[in-house]
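The values are calculated or read from the model by the stated rules, or taken from the named source; none is laboratory data. Bear in mind that the values here come from a model prediction, so they are computed numbers and not experimental data. Methodologically, a virtual Cβ is constructed for each residue, glycine included, from the backbone with ideal geometry; neighbour enumeration extends over all protein chains shown. Ligands, DNA and RNA are excluded from the accessible area calculation, which covers all protein heavy atoms including side chains. Shrake-Rupley method; radii C 1.70, N 1.55, O 1.52, S 1.80 Å.
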Amino acid sequence: MSGKNLRTPIVCVMGHVDHGKTTLLDQIRGTAIVKGEAGAITQHIGATEVPINVIAEKCGDNKLVNKFIVPGLLFIDTPGHHAFTTLRSRGGSLADLAILVVDINEGFKPQTIESLNILKRFKTPFIVVTNKIDRIQGWKVFKGEPFNTTFKKQTPEVQAMFEQKFYNVIGHLYEQGLSADRFDRITDYTKAFGVVPISGLTGEGISDVLLVLLGLAQRFLEATLRYDVNGPGIGTVLEVKEEKGLGTTIDVILYDGTLQKGDTVVIGCLGDPIVTKVRALLKPRELSEIRYESKFKPIQKITAAAGVKISAPDIENALAGAPLISATPETLDDVIAKVKSEIDDVQIQTDNDGVMIKADTIGSLEAMVHEFKKAGIQIQKAEVGDVTKRDVMEASTIYDSMYSVILAFNVKVNPDALELMDTTPAVRVFKNDVIYRILDDYQEFVKEQEEELEKLRSDTLVKPCQFKILPGCVFRQSKPAVVGVRILGGVVKNNTDVMLPDGTVVGTVKGLELNGKKVQKATVGMEVAMAIDGVTVGRQIKEEDILYVHIPESDSRVLEFEIFNTLTPDEQETLEKYLVIRRKGKPFWGK
């Protein structure tokens, strides 16, 4: 089949920070043979296009040009899941393929797992690249060679060390529920994921990456890549930027049709869609044109798939991750409705109570909501954009400290918001560029808050206690009576009422002394002097009596049904004895 009707597949590079995403892209960008030669690599805004003939040259096999149906590969230059989640369309991601970069020496990290989960969720075909093979001790570098060629030239010791590190990565993938193996050992890519060892620094294995990606495109993407060159330009906003001399511009990845200077375009935002005219389409200048003051050169039109910077009026509120579609006077109303529907279609179901979430793009917001809902966290509000003063004010009105929280992914906290937070300590902001770190930090915070509340509540509850008045230890008969007691079980504090074994409340503990020193509480096994107000020894109480702390019904309900397992064994036993007394004739007392 001819490749004329197929656009270039969009490839996103993902992985943990410092694992070599940018180095890999730089190595791929460096495959142009001569600047200006026909078919050399083309630099787009936010993307790098590598035509099929350049890939064929890099792989040392010109026959590849006719073997594959796609015209090349379009690599997104904004590394990481930020670009992946921004490049979204209704129901999924616009990235046709992805590369997950893992440092072979470090293995899986938080962002690796996060990227992997996003890829699995969107069902995007991807390969794993184990980078930095050149850093394996004793590795001999053979620049730009395919992996198998360079691997055969290594010593047996280096090969063994490589295999150990490589299969650690395979093990991590297995733990994440994925069957994977080295790319050259896989016979069926529908059943296992290919893992390609490379060095982004030396170029070893890069040709293998390009070939495997082309193979995946050939195998899985033929239907997806069809496009109409004469159709309306359709793309996604990658970033909204201020450019010197141009004002606000938007970087767009165009994935269908053609866009021309002067076209009317409809762009998604939080309110009604923006309708504006393309003032200029801009591409980066070649290195040879760097003497020009502007970094960009204007073009008349651009065809999918490509990255382009657009200058147009009234685009300040354009939303990263939102659709852009060109329209004619006849199609304008339908296109506006379509763009609005796509923004409204972002399924973010909020709760009556919960935290506030802020993210950099619609796609990131969706990913955050998905992960937080999965963890059982309620979300009251979810928005794209930086944390503002209004957000802090809103969070400060929430009474529940667990929800007086803003969870911010990949966004800034505005200066006026920070200023307000100084005077509003009740509002907490958890900010990170890894969703799982925000999730972990928030869950740790919730755990601390719950433990604090539990301690506070536990301290205010009247706990069970059983004690005996010791013989020969009556120090005062009344007002208050002072007697020596032994604590048989549980704990007694000041200002708690005491009762007889028949359930009669007879007085209140007004003081505790141990070896002549006042103490706040007495626990099992201790012998202390106890002042009891409201009783007279010889009337209500006498030597060798066993008494109990009187527990209010509401407290006993909490002790028995909510925190029983947190009580000590002697407290549990004492509580059970106490409940037997209280439930004589009242079987449902405290239930």
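On full extension, the segment bounded by ARG583 and GLU242 gains 115.3 nm, given 0.36 nm per residue less the C-alpha separation. One quarter of the convex hull surface built on the alpha carbon atoms of region 471-591 amounts to 7.4 nm², the projected area averaged over directions. As a ratio to 2.2 N^0.38 Å, the alpha-carbon radius of gyration computed for region 106-201 takes the value 1.11. Average 1/r across all pairs of distinct alpha carbons in region 318-400, invert it, and you get the Kirkwood radius: 14.6 Å. Using Cα-only point scatterers and the Debye equation, what is log10 of I(q)/I(0) for region 172-295 at each q in 0.09, 0.13 Å⁻¹, rounded to two decimals? Relative scattering, expressed as log10 I(q)/I(0), comes to -0.50, -0.89. Restricting things to alpha carbons, find the Rg to Rh ratio for region 443-515 using the Kirkwood radius for Rh. Over the Cα atoms of region 443-515, Rg/Rh equals 1.13. Summing Cβ point charges (Lys, Arg +1; Asp, Glu -1) relative to the Cα centre of region 127-255 gives a dipole of roughly 380 debye. Pairwise Cα distances in region 549-591 exceed 11 Å for 64 percent of all pairs. Counting only protein heavy atoms and a 1.4 Å probe, tell me what percentage of the chain's accessible area is made up of carbon and sulfur. After summing per-atom areas, the C and S share lands at 49 percent. Rounded to the nearest 5, what is the percent of antiparallel bridges among the DSSP beta bridges in the chain? Rounded to the nearest five, the antiparallel share is 70 percent.
Placing one equal scatterer on every Cα of region 230-333 and applying the Debye formula, the log10 ratio I(q)/I(0) at q = 0.09, 0.15, 0.16 Å⁻¹ is -0.21, -0.56, -0.64. Mean projected area of the Cα convex hull of region 181-251, taken over all directions, amounts to 8.6 nm². Quick check: the distance between the Cα centres of region 513-591 and region 136-179, to the nearest angstrom? If we compute the Cα centre of each part, the gap is 68 Å.
Let a ≥ b ≥ c be the square roots of the eigenvalues of the Cα gyration tensor of region 147-193; is it rounded (a/c under 1.5), or, if not, prolate (a/b larger than b/c) or oblate? Oblate shape, in that a/c is at least 1.5 and b/c is the bigger or equal ratio. Per residue, the chain reaches -9000 deg cm²/dmol at 222 nm when only DSSP H runs of four or more residues are counted, each adding -39500 (n - 2.57). From largest to smallest, the equivalent ellipsoid semi-axes obtained for region 95-144 from the alpha-carbon gyration tensor read 26, 14, 5 Å.
Using only the C-alpha atoms, the convex hull of the chain corresponds to 235 Å³ per residue. Placing R0 at 30 angstrom, the Cβ-Cβ distance between ASP333 and ASN230 gives a FRET efficiency of 0.90 after rounding to 0.05. Between the helical axis of 206-220 and the longest alpha-carbon principal axis of the chain there is an angle of about 90 degrees. Based on alpha-carbon atoms, the Kirkwood radius and the radius of gyration of region 399-476 give Rg/Rh equal to 1.37. The equivalent ellipsoid that matches the C-alpha gyration tensor of region 359-434 spans semi-axes of 20, 15, 9 angstrom, in descending order. Residues in the chain average 47 Å² of solvent-accessible surface per residue, probe 1.4 Å, ligands and nucleic acids excluded.
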